[in-house]
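Bear in mind these aren't lab numbers, they're just calculated from the coordinates by the rules spelled out. None of the values given here were measured: they were computed from a predicted structure. Quick reminder, even Gly has a Cβ in these numbers, built from the backbone with ideal geometry, and neighbours come from all protein chains shown.
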Amino acid sequence: MTVRRFVASPYALVVAVAIVVAVLPLVLPSGLYLRVATLVFINALAVLGLNLLMGFAGQVSLGHAAFFALGAYAVAVGPTHLAIPSWAALIGGVALSGLTAFVVGRPILRLKGYYLAVATLGMGLLTALVIGNEVAWTGGPNGMPVPRLVILEWRVSGSQTWYWVAGISLTLGAWVAVNLIDSPTGRAFRAIHDSETAARVLGIDIARYKLIAFVISAMYAALAGAYVALFDGFVTPDTSSFLRSIEFVVMAVLGGLGSILGSVVGAAILVILPQLLTVFHEYEHIVLGLIMIVFMIFLPAGIVPSLAAAARRRAT
Amino acid sequence: MSVLSVDDLGIAFGGLTALDGISFAVPPGDIFAVIGPNGAGKTTLFNVVSGLYRPRRGRVTLDGEDVTGLPPHQLARRGLSRTFQNLQVFFRMSAVENVMVGRHLHERRNVLAHVFTLPSVLRQNRATRRRAEELLALVGLKEAADKPAAALPYGALKRLEIARALATEPKILLLDEPAAGCNPVETQDVDAVIRKIAASGVAVVLVEHDMRLVMQISRRIHVLDQGRTLCEGDAAAVRADPAVIAAYLGVKAGQEAGRARG
């Protein structure tokens, strides 16, 4: 009885993610696969945050690469130009990203639907422009090297170490997301998604809760960005590109909006699939595009929610 | 003293006057009905009173405080709640979660505590759920608690909205066609629920097309036609008013009714 109740609870998902993280190194044959898994986890972290904003609070963002890049450049610029230790730059970058989201979100979250999409798009393009042009600080189009992360005496390096950092962070990120969803804050997010009018009448300050969702999702993206930069040891303006923002959205939608597990699945597919499709050489992108179209046609609610619904139908 | 009063309320949409000089007052525990033909301005009136529309002129007073033009979430804080004619249900949530959202103002809203699910948050969640289940039982939806709202029939959703609005612990509750889509038995249930709510001291203002329900339970009835007040009084007075009969049955019938009496 209690076992069954646990399996039905959202915390089972967190445990599932933890188990995957723990077991994967035992079955993966080489370091290359470990690297790919690390990238999946880091991307999933960003998508998880975006899913809180889009899938739960129902607010779109086409500019989340801006926050991703903010985190990435914080760990590059902080230690290089400002002599900030990289662990402090990591925390600072996440905090700065949250603060930026707070300041930018106030005016633009009043917009709805397409208008919000265009405003967030503008925010992303603007960030990419600044990063590309501030050559003295960011290295411009060439990017810049990122010093190793050192926490006290511990040098965080090697694919083994980063695998565990990314895996444990993703598990914690999923735990926080699940916590939020089943709290008054999460209920406010979901209420806003379904009916802003009803949410307001019930006393929910919708401007405040949209802003909270935006800030939290920006902090997830910044943490992911910082990890990617530290993991690669190098950062380029690609982190802030429009394509990066779109990739996050596609991962969230493909995996399933409003699904924690969907965020991980969506990230996994979009990170792994291009690696597998290299056998198609120049047709790689065409095949990738076709696969995505087929997924959306047959699993319109996203992979995880659509499959879950199909499983429920079979069970009854 | 009245818990809600409306003075000389007026609003227009692009030159079209939707409400013109509406005034009334509702004491605590009252059951007050607003009726009128289609397009009379009943829902517009609710939208102005609940803060969704800003009136062009006039005043809305809650508990003696001028609240004209305040946003809906601040009116909720001052004890005003409502349901909707065209359902505004949270369809992606379960029935009980819908009602739990209504407890928002009575919950501690510390986001950091929510992020880490402190034990106090779990305790609060349990208390919120318990209260929500009580309210579902009150409207006869106890069995539906964990069903997705999208799976409930129309009449049940109407009652779900009542439970959700009650969860805010309002002093004044606006019900927009609570019996719409209900069969006669369910309508009797709604009738009983409304009486119970009023008996607990909450003032109920309802818009309703089911005249039998309105005449049965309302202490006072306010009749609107084309954005203006036709008359206000108890059931007997309203039923006998020639202007009301004219508005409902057409001018000719009204004249005949007048002649028949004269």
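When Rg is the radius of gyration of the Cα atoms in segment B:15-116 and Rh is its Kirkwood radius, what does Rg/Rh come to? Spell out each step's value before the answer.
Details: Rg = 16.6 Å, Rh = 16.2 Å.
That ratio equals 1.02.
Considering only chain B, what is the antiparallel percent among its DSSP beta bridges, to the nearest 5?
On the way: 20 of 36 bridges.
Given both bridge residues lie in chain B, the antiparallel proportion sits at roughly 55 percent.
For chain A, return all DSSP H helices satisfying: extent of Cα atoms along own axis at least 27 Å; mean Kyte-Doolittle hydropathy at least -1.0. It would help to have the intermediate numbers written out before the result.
Details: long enough: A:31-51 (29 Å, 1.61); A:86-108 (32 Å, 1.40); A:113-133 (30 Å, 1.43); A:159-181 (32 Å, 1.03); A:206-232 (39 Å, 1.41).
The answer, listed by residue number, is A:31-51, A:86-108, A:113-133, A:159-181, A:206-232.
Note down the magnitude of the dipole of the protein assembly as shown about its Cα centre, charges +1 on Lys and Arg C-beta and -1 on Asp and Glu C-beta and zero elsewhere, to the nearest 20 debye. Please list the in-between numbers first.
Details: 50 positive and 38 negative charges, 171 e Å.
Its charge dipole is roughly 820 debye.
Before anything else, pin down the relative contact order of chain B: Cα pairs under 8 Å, at least 6 apart, normalised by residue count, whole percent.
Numbers: 496 pairs, mean separation 66.9, N = 262.
In percent, rounded to a whole number, it is 26.
If you wrap a convex hull around the C-alpha atoms of segment A:71-125 and split its volume per residue, what is the figure in Å³? Intermediate results must be reported in sequence, preceding the final value.
Details: hull volume 4.2 nm³, N = 55.
Cα-based convex hull of segment A:71-125, divided per residue, equals 76 Å³.
Quick one: which residues, 5 or more positions from A:LEU149 or on another chain, have an amide H under 5 Å from its amide H? H modelled 1.01 Å from N in the peptide plane, none for Pro or chain starts.
Amide H to amide H, under 5 Å and 5 or more residues apart or across chains, A:LEU149 pairs with A:VAL156.
Find which of A:LEU62, A:GLY256, A:ALA188 sits farthest along the positive direction of the dipole of chain A, computed with +1 on the beta-carbon of Lys and Arg, -1 on that of Asp and Glu, about the Cα centre.
A:ALA188
Packing-wise, with mean Cβ within 10 Å as the measure, how do A:34-44, B:131-141 rank, highest first? Don't skip to the end; give the middle numbers.
On the way: A:34-44: 23.1, B:131-141: 19.5.
Ranking, from highest mean packing down: A:34-44, B:131-141.
I need the peptides A:122-131, A:49-58, A:194-203 ranked by packing, meaning the mean over residues of other C-beta atoms within 10 angstrom, with the highest value on top.
Details: A:122-131: 19.7, A:49-58: 26.9, A:194-203: 22.6.
Sorting A:122-131, A:49-58, A:194-203 by mean packing, highest first, produces A:49-58, A:194-203, A:122-131.
Hey, what did segment B:88-167 get for relative contact order, percent, Cα under 8 Å, at least 6 apart? List each step's numbers first, then the result.
Working: 90 pairs, mean separation 41.3, N = 80.
With pairs under 8 Å counted, the relative contact order is 52 percent.
Averaging sequence separations of C-alpha pairs under 8 Å and six or more residues apart, then dividing by the length of chain A, give the relative contact order as a whole percent.
For chain A, the relative contact order is 33 percent.
For A:GLY258, what residues show an amide H to amide H distance below 5 Å, using hydrogens built from the backbone and excluding near sequence neighbours?
Here the answer is A:GLY55, A:PHE56, since their amide H atoms fall under 5 Å of that of A:GLY258.
Shielding by partners for B:112-125, please: the mean number of other protein chain Cβ atoms within 10 Å of each residue's Cβ.
Working: counts 1, 4, 12, 8, 5, 8, 2, 0, 0, 5, 3, 0, 2, 4.
Shielding by partners across B:112-125 averages 4.
Using +1 on the beta carbon of Lys and Arg, -1 on that of Asp and Glu, and nothing else charged, what's the dipole of segment A:165-316 about the Cα centre, debye to 20? Walk me through the intermediate numbers first.
On the way: 9 positive and 9 negative charges, 135 e Å.
Charge dipole, segment A:165-316, about its Cα centre: 640 debye, nearest 20.
Taking 10 °C and 1.306 mPa s as the conditions, I'd like the Stokes-Einstein D for segment A:134-267 in µm²/s, using the Kirkwood hydrodynamic radius from alpha carbon pairs.
For these conditions, the coefficient is 92 µm²/s.
When all alpha-carbon pairs of segment A:2-238 are counted, what percent fall beyond 35 Å? Don't skip to the end; give the middle numbers.
Details: 4851 of 27966 pairs.
In whole percent, the share of Cα-Cα pairs in segment A:2-238 beyond 35 Å is 17.
Measuring from label point to label point, each 7 Å out along Cα→Cβ, what is the A:LEU290 to A:ALA88 span in nm?
For A:LEU290 paired with A:ALA88, the spin-label model returns 5.5 nm.
Using the 2.2 N^0.38 Å rule of thumb for compact globular proteins, work out how the protein assembly as shown stacks up: its C-alpha Rg over that value, please.
Details: Rg = 28.5 Å, N = 578, 2.2 N^0.38 = 24.7 Å.
Cα-based Rg divided by the globular estimate yields 1.16.
How large are Rg and Dmax for segment A:243-316 when calculated on the C-alpha trace, in angstrom?
13.2, 46
Tell me which of B:PRO242, A:ALA207, A:ILE42 sits at the most positive position along the dipole axis of the protein assembly as shown, charges placed on C-beta atoms (Lys, Arg +1; Asp, Glu -1).
Of B:PRO242, A:ALA207, A:ILE42, it is B:PRO242.
Give the shape of segment B:125-222 as rounded, prolate or oblate, defined through the alpha-carbon gyration tensor: a ≥ b ≥ c are the square roots of its eigenvalues, a/c under 1.5 means rounded, and otherwise the shape is prolate if a/b is larger than b/c and oblate if not. Write down the numbers at each step before the final one.
Values: a/c = 2.23, a/b = 1.36, b/c = 1.64.
Cα axes put segment B:125-222 in the oblate bin.
Could you give the distance between the Cα centres of segment A:29-103 and segment B:50-128, to the whole Å?
Rounded to whole Å, the Cα centres lie 33 Å apart.
Would you mind listing how long segment B:88-167 runs along its three principal axes, going by Cα atoms, in whole Å with the largest first?
Sorted largest first, the three principal extents are 38, 22, 19 Å.
Would you mind checking B:LYS147/B:LYS196; A:LYS210/B:LYS158; A:LYS112/B:LYS158; A:LYS112/B:LYS42; A:LYS112/B:LYS142 for any pair whose Cα atoms are more than 30 angstrom apart?
On the way: B:LYS147/B:LYS196 26 Å; A:LYS210/B:LYS158 27 Å; A:LYS112/B:LYS158 28 Å; A:LYS112/B:LYS42 28 Å; A:LYS112/B:LYS142 36 Å.
Table pairs above 30 Å Cα-Cα are A:LYS112/B:LYS142.
Add +1 for every Lys or Arg and -1 for every Asp or Glu among the other residues with Cβ under 12 Å from the Cβ of B:ILE11, and state the total. List each step's numbers first, then the result.
Details: positive: B:ARG54, B:ARG56, B:ARG57; negative: B:ASP8, B:ASP20.
Net charge around B:ILE11: +1.
Compute the Rg/Rh shape ratio of chain B: radius of gyration over Kirkwood radius, all on alpha-carbon atoms.
So for chain B, dividing Rg by the Kirkwood Rh gives 1.01.
For chain A, with only Lys/Arg (+1) and Asp/Glu (-1) charged at the beta-carbon, what is the dipole magnitude about the Cα centre, in debye rounded to 20? It would help to have the intermediate numbers written out before the result.
Details: 17 positive and 11 negative charges, 197 e Å.
Dipole size: approximately 940 debye.
Please compute the alpha carbon radius of gyration of segment A:231-277, then divide it by the globular-protein estimate 2.2 N^0.38 Å. Two decimals is fine. Can you show the working numbers first?
Values: Rg = 11.9 Å, N = 47, 2.2 N^0.38 = 9.5 Å.
So the Cα radius of gyration is 1.25 times the expected 2.2 N^0.38 Å.
List the residues whose amide H sits under 5 Å from the amide H of B:LEU70, counting only those 5 or more places along or on another chain, with H placed 1.01 Å from N in the peptide plane.
Residues meeting the amide H criterion: none.
To the nearest 10 degrees, how steep is helix B:154-166 against the longest Cα principal axis of chain B, on a 0 to 90 scale?
Once rounded, one gets 70 degrees.
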